[in-house]
Amino acid sequence: MGVHLRPGDPAPDFAAPATGGSVLRLADFRGRKLVLYFYPMDNTPGCTRQACSLRDANAAIAARGAAILGVSAQDTESHQRFTEKFGLTFPLLADTDLTVARAYGVAGSGLGGLLRSVVKVSQRVTFIIDEKGYISHVIDDPDCPDHGEEVLAVL
């Protein structure tokens with residue numbers, strides 16, 4: 001796994017197209033916590049379990065003052081189909097050129113990073129960003145079916 005951001009680091013700003021037709025930025029979430037999770041690909045078994053776990057925990061996560069935002073390299077059309085198919089209740093960012101993944105250090109490095117760039121997938125890592133825009137927690141190896149509970153445990 002490549003070197004990515006750590007707790008205490010400022011979260012890099014981003015602007016990327018999201019489901020629903022908007023462009024979302026880190027600044028849009030200032031004043032509340034953000035669960036920014038990177039996942040490899042829409043409609044794969046692990047990514048689907050992870051997204052559904054976060055969907056199921058979304059109300060409890062929101063009750064703790066946090067929003068959820070998923071990020072992967074597929075385009076907005078793929079994300080929209082994924083969202084509709086599984087009833088996801090949070091936006092997904094289309095990071096088609098891995099700009100956001102690189103900023104957060106989850107595009108990979110070395111040969112693995114080169115391969116990830118070619119096939120356009122990021123590593124599976126979740127960042128919890130505090131109200132002021134700093135990384136407060138990093139979940140390096142999320143337990144996909146129970147990821148919502150993992151996130152709630154650190155909020």
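Rule-based calculations on the coordinates, nothing more; no lab input. On a predicted model such as this, the values are computed, not experimentally measured, just so you know. For neighbour counting, all protein chains shown are included, and Cβ atoms are generated from backbone atoms with ideal geometry for every residue, glycine included.
Structure values in brief
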| quantity | calculated |
| --- | --- |
| Computed E for Asp143/Lys85 - FRET, C-beta separation, R0 25 angstrom, nearest 0.05 | 0.65 |
| Helical segments meeting 24 Å axial Cα length and Kyte-Doolittle -1.0 threshold in the chain (DSSP H) | 45-63 |
| Peptides ranked, highest mean first, by Cβ atoms within 10 Å: ranges 140-146, 48-54 | 48-54, 140-146 |
| Long-range HN-HN contacts of Ala67 with modeled amide H, under 5 Å | Lys33, Leu34, Val35 |
| Karplus (6.51, -1.76, 1.60) ³J(HN,Hα), θ = phi - 60°, over segment 121-129, in Hz, Gly and Pro reported as x | 9, 9, 6, 8, 9, 10, 10, 9, 10 |
| Beta bridges by DSSP in the chain, antiparallel share as percent, to the nearest 5 | 60 |
| Contact order normalised by residue count of the chain, Cα under 8 Å, 6+ apart, percent | 36 |
| Descending Cα extents along the principal axes, segment 32-154, whole Å | 40, 32, 22 |
| Simple Cβ-charge dipole of segment 32-154, Lys/Arg +1 and Asp/Glu -1, about Cα centre, in debye nearest 20 | 160 |
| Surface/4 of the Cα convex hull for segment 1-47, nm² | 4.9 |
